[in-house]
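Just so it is clear, none of the values below were taken in a lab; they were calculated from the coordinates. None of these values were measured; they are calculated from a predicted model. Don't worry about glycine lacking a Cβ; one is built from the backbone with ideal geometry, like all the others, and counts go over all protein chains shown.
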Amino acid sequence: MINDLNRFSPDGHLLATGGQDSLVKIWALKTAEIYFNDCSRLTSNLTKQQTEILTNRFQEFHQETLSDTQTSTTTINTKLGLHENQAPLYPKPFCELKGHQASVLDVAWSKSLFVLSSSMDKSVRLWHLSRSECLCFFRHIDFVSAIAFHPRDDRYFVSASLDG
């Protein structure tokens, strides 16, 4: 059985999860709201256009989430046993990254909010939170079990596959 995985962004305000549903979901911590009102505070590595797009996307997400919460009749988070106000994450993902055709095995964050995901579909996909589609994908001949950005230069990454 494949275990679902999760990784926090370098700044700790976002959580990427992946699993058997082949989706990469990005969750926002409620405490990150002040950072998202001006995404330039999240990282200095974003372009002006990326900052504006992310700020607008988060404001739309936040407004939609507030209206959903106000009209929702479910106020108990059954998994955590918390009232919705006490849950650390917003009740729905900030975004879902769709493209993999099989279970997601690993995710990795760059300092500039790029996300890598690897999968049993034998691919690595590169995403950025300012875009809803995959920016690029890389093929292997077997499952890609692990990925990581270079620690000093996130223009580079490594991937590990069962192809050796």
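Results, tabulated for the structure shown:
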| read-out | value |
| --- | --- |
| Net charge of Cβ neighbours under 15 Å - reference I141; Lys, Arg +1; Asp, Glu -1 | -1 |
| In Hz, Karplus ³J(HN,Hα) per residue of segment 106-114 (6.51, -1.76, 1.60; θ = phi - 60°; x = Gly, Pro) | 7, 9, 9, 10, 9, 5, 9, 6, 7 |
| Amide H contacts under 5 Å for L97, placed H, 5+ residues apart | V24, K25, I26 |
| Under the Karplus curve 6.51 cos²θ - 1.76 cosθ + 1.60, θ = phi - 60°, whole-Hz ³J(HN,Hα) for segment 18-25, x wherever Gly or Pro sits | x, x, 5, 7, 6, 9, 9, 10 |
